[in-house]
Amino acid sequence: MIRKTHFNQVETNSKTDSHRRNTMNTLPRRKVLACCISLAFASMALQQAHADSGYGVDTAVGNAFNTGYVGGVRDTDATAGHTPTGQMFNQPYATEEAVAGETHGYVEIGVLSKQADNEDAMFRAYKDPKSGLYLNSFGVDSESDNARFVTVNGGGVGNNDQFYNLTVGRYNDWKVKAFYSETPHVFTTTYRNLWSGTGTGNQTLKSLTPGGTTNAATTDTNIEAAALATPYSELSIVRKKGGVRGDLKVTNNISVFAGYSNEKRTGARPFGLVMGGGGGTGGVEIPESIDYNTHDFLAGMNYADEVNSANLTVAASLFRNNIDTMKVENPMFLAAANGIASFPHAIYDLYPNNDYLNVKGEYARELPELMKGRFTGVVSVSQSKQNDNLIPSTSYSGAAVNGVAGGSWDTVDSLSQPTANLKVDIKLADFGLSLKPLDDLDVKGKVRYYETKTNSDYWACNPLTGQWGRLINDGSGNAIMVGSATAANNQPTYADAAAANLAINAAACDASAVQALGIVAAAGNNNIHSAPYAYKQMNYTLGADYRIDSGNSVNANIERETMQRQHRERDKTREDKLKLGYVNRGMEDGTLRLSFETDKLRGSAYNPDPYDEFYSASLSALPFATGTNVSSWIHINALHRKFDLADRDQNILNLRFNYMITPDLDAGVAVQLKDIKFPDAAYGRGSQNQNSVNFDMAWQPSPEMTVSGYYAYQTGKMEQQGLQQNACVIGTTYNFWSDGSISTVAQTAAQLAAGVTLVNSTTVTAGNFLSGCGTASATSSLYPTSRSYTINQKDQNNTVGLGFKFDFDNKNALDANYTHTNGRTATSYTYNPYALGLYTSGAPTAAQLTNVGLIGNGFADQTFSLNTLDASLLVPLTKQSSVRLLGHLVFGDIHDWHYDGVEDLPNPNTNQQTYLDSGPQNFRAYVFGVMYQLKM
Amino acid sequence: MIRERFNIIGATKTALAALLLVFSAGQVVAEEAAATAPVTATASAPAATQADATYIGEKGCTTCHETENKNFGHTLHAKVFRQNPRTEVEKQVCEACHGPGSLHAKKTKDKNLLIGYTKEWGTPVEKQTAQCLTCHKGGQRLHWPGSTHATNKLSCSDCHNPMAKFSASGLLKKRSITETCQTCHKQQEAEFKKRSHMPVPEGKMSCEDCHNPHGTVTRPLLKADSVNEVCYTCHAEKRGPFLWEHAPVREKCTNCHVPHGSNHDKLLVSARPFLCQQCHSPSVGHPGTFYNAAGTAANSLNGGTAGQRVIGRSCQNCHSQIHGSNHPAGARFQR
């Protein structure tokens, strides 16, 4: 839908006179019409907002059929003119003069007919129109003659997007607002639900056998059959939120407020279940049950006099998850593991309860004697904490990892701590001073400090066995630190891995003691400790705003932002920003705003692997024995840059131009060009840009007709480069061939025949593996550059909105709005199939050729288009009543390659991996209604 | 392959040249406009100013401004001024905002003699704003001076229209907060129409749920102390902290999500698994793997191998607790 449009603005006296004559001739009839139209708009006359842009949310309480207020009724006002920027002010219809103490009411009720495809999740994502009797909106405004008032309104009665507002108070004295609103969120209407109990903490399989049947192959077949036999159903949640807030003006300088809101969020959404070791040996898309309850408290005080302004607020938020842990029956068959025979269920620890508290003070003081200065200061302190009871790694008794009994992995005794005992402390201090050294010059300096610190200190070690690491995926896998399988790494101290394991376990979770053993672990990437992330941010800003004349001004802003992070790839980063702006309000018919910003982020040395201390590598000696696979000691390609910490050059140009082409036609154009480069990111995100151009116009050739429209065009691009790792084994020689392939064998006959020659060779040793394998190069056995690939994603979006409003013979009104939007993301890539092993060097097989043919150069484009037509025809019956015919037609088309083939093949492999959500679907939705409106 | 280094200096020079060019053009236009403009505050004769005027009372105003009075009567300002004024200024009703009108009543065309809030009237923006702040100082407007909107010379009346009731509250110029913001922010309006978006077009959120257009100490005009604290106001479950944290999640939600709308599922900045691969390229395991179109479920029928990280929820098929896990086994966000 596009925004409602304005009525005509008549600027010259002659036009004004003419217009007024027209107005006078038609005024009585138009007033009837006006009342009726106001009723039509009364259907949108809601959105009772808190009107507090400073604190809290819920500033809009309405629904898709009631997105705003147009209850105002008045004569067209020839003097209304344009905003100071040059946009036409709205101009609604005639009204009676306001009389204190009156009561008004309205209601719109009727019948809706909704026809839509069953798979209409996208249509109903946040709205809930249904067929049948429909109370679209109602409201009552009443006031006494002593400034007391009460306002009640609501809409969407009975549907999942219903809403209600109540406000009582005394003008300029006190008021209490209460609201209740429901928001649906339909995630999918194409989910094949294999479970009962969705929405609860215990989901049981409807027909399949928990833990599978006979073997994996049989179970795989059974799961697929069950999936295909299960009809589509919906996974969605509904947010039900209500709240109350009171505001009181204590004195002319002091006001206080306090509020409370509560939100319950219930339902389910698609979620992932993985079983097995490491990355999983199969998974099924399950429903995640959701039952949240959040209490929010807010209280504050505002003070303002001619010199001082101060705000003090206290906010608390208590999140409670009524499904703290979710048990779901597992349809997959898994082999016995870790002493557990079968895995008929999985248990998730869902989001824990948390408590949040914020205290914030803001102060501003005018300093008229200090170059007309102004000081501002903000201090804010927050804490989020949770101390949820931890659950054991598995619910299955008898688990024994690597044959070590007595671990009691199914009890919290196996954990290093029984509760989470976590908190995040956040501090903010912001101080600014602005001065006016010249009448036309403002300068401002600002210093901002922000800090967030987590106290996380969880050790993954079973105190009962001394084993470091985790029993994962309900015990169906493990990531436990053990001695190297290459015995020579630990000899002669330890005869073999088993002996090394005994020593590790005997250290009884004492990290220093384990380190002192000098044992070489089998892998260096077992998580042993949580990372307590923290950062401190400083911003230093200096800005100036110079008024060249009454219509023109230029401004400049320089800023340095420094960040100190703990346990990230860079200890320190600094970002320097320069922003230049120009504003021209001097044009009689227009306003121009232009700005350019250039940012550059740099920092201390980039450490690609700062996480060693959280992995088993930190407890282990470095492996050295020939034959040891040392890949897990590397962790990441040293040339890979994470985009949030990489060097970054960014340029942004913003332009906004508003122009009054004629008094009854205004137009605007907005442009944003954004370009970002990551100059040192050989791997990772390399560049991105996003460019937008937007045009809008509003035209009212007569009081009876309004035409409006806009067009928005946006393109974006994101480029990245990856490298699929190869191998790094001490003592192994890797040969690099002219076609990019890598092997550990001599030239094959096929290579010889194809002319593939040896380019280079590298032998991994104990002394060179960290550097040689760890950094991408042409001769790195682990990260050979020939195995690099690029991903290029290009977005393009178009949106067109058209609005048309016409009053027929002053008897009825047509209001039609049409919006078309489309988006396309093209994902392409480049790669070397020989290097990646997709082709056998020198002799690609037929199957490989077929596979590479399927790979091609990219995915099918992701596309999305939505056509929305809203039409409303209002037929007045009496001065107080009318009938409104409405139509709301939405056509959506979508293609997302993530879901290609899932509908017909939910279980595409034979590894039990099953995708039960077939994804977003095309839809057609038609909503028609006949509504009766009554104004009281 | 190391990418070509971006020439930021060149780009800066080009942009500055463009800025200068537009500025110069704007100056010319402004000068031309000034030469042809009707009498404005700065161009008018200095003989009389509003400072010499006195209050005449609202009846003096409504004698001529009957229509405006009808419209105004339905607004909160009118209710406050007429039914329960707390200060002498508020008792002046029309003149509380427009200033004393005695001279204006005598010389109605002289735009120096009354504060107006339209483009046509030409009262300097700073003067308009100062008049509004006479009563509306502090509170949620404490950071207005020097804010982005103030620096861009927006007037209060660029968003508010106190002369008629167009919105349920806030005396906005449009029916809702969102419509008001989108009169300028058309890019964001279009972004809210993308495949995944916040429920703003559906009337369940407004721009002000996240932003305070009157100024804040957190860019871009955010209502809380950081991006994450804004997001947590609705997504409280993600506030944590968690036993196992995901570093970019703890620092900034916008590392992975765009706030207004996206061509991708879940407001993601990029398609999965490529978004995840922008950070994750380990030496073992799957995240560094080249994922491609042969991995779709459809292509598994044609000889391809279906990829767990390609289909459906991609990486989150397994790493479903990607915002953080409180499970002792959840270091890889699988429980």
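Are any residues in the stretch A:468-500 in a loop (DSSP other than H, G, I, E, B) and farther than 30 Å from A:ASP349 by Cα, and if so, which ones?
The answer is A:SER484, A:ALA485, A:THR486, A:ASN490, A:GLN491, A:PRO492, A:THR493, A:TYR494, A:ALA495, A:ASP496.
When you look at A:THR465, is it assigned to a strand (DSSP E or B), buried (at least 21 other Cβ atoms within 10 Å of the Cβ) and touching a strand residue (DSSP E or B) at 6+ places or on another chain (Cβ under 6 Å), yes or no?
It is false that A:THR465 is assigned to a strand (DSSP E or B), buried (at least 21 other Cβ atoms within 10 Å of the Cβ) and touching a strand residue (DSSP E or B) at 6+ places or on another chain (Cβ under 6 Å).
Can you find a residue that is more than 23 Å from A:GLY716 (Cα to Cα), free of Cβ contacts under 8 Å to residues at least 12 places away in the same chain, in the same structural domain as B:GLY307 (by TED's automatic domain parsing) and not in a strand (DSSP E or B) anywhere in the stretch B:255-272?
Checked against the condition, which is being more than 23 Å from A:GLY716 (Cα to Cα), free of Cβ contacts under 8 Å to residues at least 12 places away in the same chain, in the same structural domain as B:GLY307 (by TED's automatic domain parsing) and not in a strand (DSSP E or B), the stretch B:255-272 yields no hits at all.
Just wondering, is there one or more residues in the stretch B:276-289 that are facing chain A (nearest Cβ under 7 Å), assigned to a strand (DSSP E or B) and surrounded by fewer than 21 Cβ atoms within 10 Å (Cβ to Cβ)?
Scanning the stretch B:276-289, I find at least one residue that is facing chain A (nearest Cβ under 7 Å), assigned to a strand (DSSP E or B) and surrounded by fewer than 21 Cβ atoms within 10 Å (Cβ to Cβ), so the answer is yes.
Go through the stretch A:216-256 and count every residue that is over 31 Å from the mean Cα position of the chain (by Cα) and either part of a strand (DSSP E or B) or among the aromatic types (Phe, Trp, Tyr) (or both).
7
Give the stretch A:664-681 a look and list any residue that's over 30 Å from B:GLN277 (Cβ atoms) and either in a strand (DSSP E or B) or at the interface with chain B (Cβ under 9 Å from one of its Cβ atoms) (or both), or say none.
Residues satisfying the conditions are A:LEU665, A:ASP666, A:ALA667, A:GLY668, A:VAL669, A:ALA670, A:VAL671.
Here is a list: A:PHE736, A:PHE695, A:PHE643, A:PHE657. Which entry is under 30 Å from A:CYS773 (Cα atoms) and in a strand (DSSP E or B)?
Result: A:PHE736 is the single residue among A:PHE736, A:PHE695, A:PHE643, A:PHE657 that is under 30 Å from A:CYS773 (Cα atoms) and in a strand (DSSP E or B).
Out of all the residues in the stretch A:564-574, which are more than 11 Å from chain B (Cβ to nearest Cβ) and either over 21 Å from B:PRO248 (Cα atoms) or outside any strand (DSSP E or B) (or both)?
Selection gives A:ARG570, A:ASP571.
Before we move on, is B:VAL200 in a loop (DSSP other than H, G, I, E, B) and of a type in the set (Val, Ile, Thr)?
It is true that B:VAL200 is in a loop (DSSP other than H, G, I, E, B) and of a type in the set (Val, Ile, Thr).
Out of B:VAL217, B:VAL227, report the one residue that is under 30 Å from A:GLY919 (Cβ atoms) and either aliphatic (A, V, I, L, M) or assigned by TED's automatic domain parsing to the domain that holds B:PRO259 (or both).
Result: B:VAL227 is the single residue among B:VAL217, B:VAL227 that is under 30 Å from A:GLY919 (Cβ atoms) and either aliphatic (A, V, I, L, M) or assigned by TED's automatic domain parsing to the domain that holds B:PRO259 (or both).
Do we have any residue at all in the stretch B:110-117 that's assigned to a loop (DSSP other than H, G, I, E, B) and more than 34 Å from the chain's Cα centre (by Cα)?
yes
Can you work out which of the residues in the stretch A:307-352 that are polar (S, T, N, Q) and surrounded by fewer than 20 Cβ atoms within 10 Å (Cβ to Cβ) is farthest from the other protein chains (Cβ to nearest Cβ)?
A:SER342
Please list, ordered by first then second residue, the pairs with beta carbon atoms under 7 Å, 6 or more apart or interchain, first in the stretch A:454-471 and at the interface with chain B (Cβ under 10 Å from one of its Cβ atoms) and closer than 27 Å to A:GLN566 by Cα, second of a type in the set (Val, Ile, Thr) and in a strand (DSSP E or B).
A:THR454/A:VAL424; A:GLY469/A:ILE480
Would you please name the residue that is surrounded by the most Cβ atoms within 10 Å (Cβ to Cβ), looking only at residues in the stretch B:183-197 that are assigned to a loop (DSSP other than H, G, I, E, B) and among the hydrophobic types (A, V, I, L, M, F, W, C)?
B:CYS184
Within the stretch B:141-158, how many residues turn out to be part of a helix (DSSP H, G or I), at the interface with another protein chain (Cβ under 7 Å from one of its Cβ atoms) and under 25 Å from B:LYS91 (Cβ atoms)?
1
Quick check on this structure: which one of A:ARG685, A:ARG648 is closer than 30 Å to A:GLY278 by Cβ and among the basic types (Lys, Arg)?
After applying the criteria, what remains is A:ARG685.
So A:ALA429 passes all but one of these: (1) crowded, with 20+ Cβ neighbours inside 10 Å; (2) within 10 Å of chain B (Cβ to nearest Cβ). Which condition number does it fail?
(1)
Among B:ARG309, B:ARG335, which is in contact (Cβ under 8 Å) with a residue 12 or more places away in the chain, at the interface with another protein chain (Cβ under 7 Å from one of its Cβ atoms) and either in a strand (DSSP E or B) or of a type outside the set (Ser, Thr, Tyr) (or both)?
After applying the criteria, what remains is B:ARG335.
Could you look through the stretch A:579-606, keep only residues that are over 28 Å from the mean Cα position of the chain (by Cα) and either more than 7 Å from chain B (Cβ to nearest Cβ) or hydroxyl-bearing (Ser, Thr, Tyr) (or both), and pick out the one that is nearest to A:ILE426 (Cα to Cα)?
Of everything passing the filter in the stretch A:579-606, A:SER604 is nearest to A:ILE426 (Cα to Cα).
Go through the residues of the stretch A:917-926 one by one and say whether even a single one is surrounded by fewer than 17 Cβ atoms within 10 Å (Cβ to Cβ) and part of a loop (DSSP other than H, G, I, E, B).
The answer is yes; a qualifying residue exists.
Name the residues in the stretch A:245-277 that are over 27 Å from A:THR59 (Cβ atoms) and either more than 9 Å from chain B (Cβ to nearest Cβ) or without any contact (Cβ under 8 Å) to a residue 12 or more places away in the chain (or both), would you?
Across the stretch A:245-277, the qualifying residues are A:ALA268, A:MET275, A:GLY276, A:GLY277.
Every residue, every condition in (1) in contact with a helix residue (DSSP H, G or I) (Cβ under 8 Å, 6 or more places away or on another chain); (2) surrounded by 18 or more Cβ atoms within 10 Å (Cβ to Cβ); (3) not in a loop (DSSP other than H, G, I, E, B), yes or no:
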| position | (1), (2), (3) |
| --- | --- |
| A:ASP549 | yes, no, no |
| A:GLU559 | no, yes, yes |
| A:THR562 | no, no, yes |
| A:ASP576 | no, no, yes |
| A:TYR582 | yes, yes, yes |
| A:GLY586 | yes, yes, no |
| A:ARG593 | no, yes, yes |
| A:LEU601 | no, yes, yes |
| A:SER618 | yes, no, yes |
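What residue, of A:GLY803, A:GLY842, is touching a helix residue (DSSP H, G or I) at 6+ places or on another chain (Cβ under 8 Å), more than 10 Å from every other protein chain (Cβ to nearest Cβ) and touching a residue at least 12 places away in the same chain (Cβ under 8 Å)?
None of the others qualify; the one that does is A:GLY842.
Can you tell me which residue within the stretch B:234-246, out of those that are in a loop (DSSP other than H, G, I, E, B) and either at pLDDT below 95 or closer than 17 Å to A:LYS427 by Cα (or both), is nearest to the other protein chains (Cβ to nearest Cβ)?
B:PRO241
Given the conditions (1) away from every other protein chain (no Cβ under 11 Å); (2) assigned to a strand (DSSP E or B); (3) under 30 Å from A:PRO623 (Cα atoms); (4) out of contact with any Leu (no Cβ under 7 Å at 6 or more places or on another chain), which single one is not true for A:GLY684?
It fails just one condition, (1).
Only strands (runs of 3 or more DSSP E) wholly contained in the stretch A:773-882 count here; list those with 1 or more residues that are under 30 Å from A:GLN747 (Cβ atoms) and not charged (D, E, K, R).
By residue number, A:788-808, A:812-830.
The values are calculated or read from the model by the stated rules, or taken from the named source; none is laboratory data. No experiment lies behind these values; they were computed from the predicted model shown. Cβ sites come from the backbone with ideal geometry, for glycine too, and all protein chains shown count toward neighbours.
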